Amino acid sequence: MTTRKQQLFDKAQAERRRCASWLVERMRDGKPKVLTKAEYREQAMAELGVSKHSFDAGWVWAIEETGRHDWYHGHALSQRKPASADKH
């Protein structure tokens, strides 16, 4: 790998690790998912200055590290409708 390619790869890996660490703090200890994935992504991009692709890789890493597989498909608590609302 050329020096430039290695530098870009290293930068992307560092962004992914930073995202994963940031997300692990929000996932650990059974914390609820209070935002959608898109909202977490927007927040991470603004706070950490990372790319969408780095966030998406960090998202998977954080879920696998914490075992919070419910975050793959679960909706944010703020987006859920009460069960009784679905029966009308």
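Placing pseudo-labels 7 Å out from each Cα toward the beta carbon at LYS11 and HIS69 gives an inter-label distance of 3.6 nm.
In this Cβ point-charge picture (+1 for Lys and Arg, -1 for Asp and Glu), the chain has a dipole of about 120 debye about its Cα centre.
Per residue, the chain reaches -20500 deg cm²/dmol at 222 nm when only DSSP H runs of four or more residues are counted, each adding -39500 (n - 2.57). Size descriptors for the chain: radius of gyration and Dmax over Cα atoms are 15.7, 61 Å. Which one of MET45, HIS69, GLY30 has its Cα pushed farthest toward the positive end of the charge dipole of the chain, where Lys and Arg give +1 and Asp and Glu give -1 at the Cβ? It is MET45, whose Cα lies furthest towards the positive end. Counting only protein heavy atoms and a 1.4 Å probe, segment 1-55 has 65 square angstrom of accessible area per residue. Partner aspartates and glutamates whose Cα lies under 17 Å from the Cα of LYS52, excluding those fewer than 8 positions away in the same chain, are identified as ASP10, GLU15, GLU39, GLU42.
Between helix 37-48 and the chain there is an angle of about 40 degrees, using the helix long axis and the longest principal axis of the Cα atoms. Rounded to the nearest 10 degrees, the angle from helix 52-66 to the longest Cα principal axis of the chain is 70 degrees.
The values are calculated or read from the model by the stated rules, or taken from the named source; none is laboratory data. Computed from a prediction, not measured in an experiment: that's the story for all the values here. Cβ sites come from the backbone with ideal geometry, for glycine too, and all protein chains shown count toward neighbours. SASA here: full protein model, heavy atoms, side chains in, ligands and nucleic acids out. Shrake-Rupley method; radii C 1.70, N 1.55, O 1.52, S 1.80 Å.
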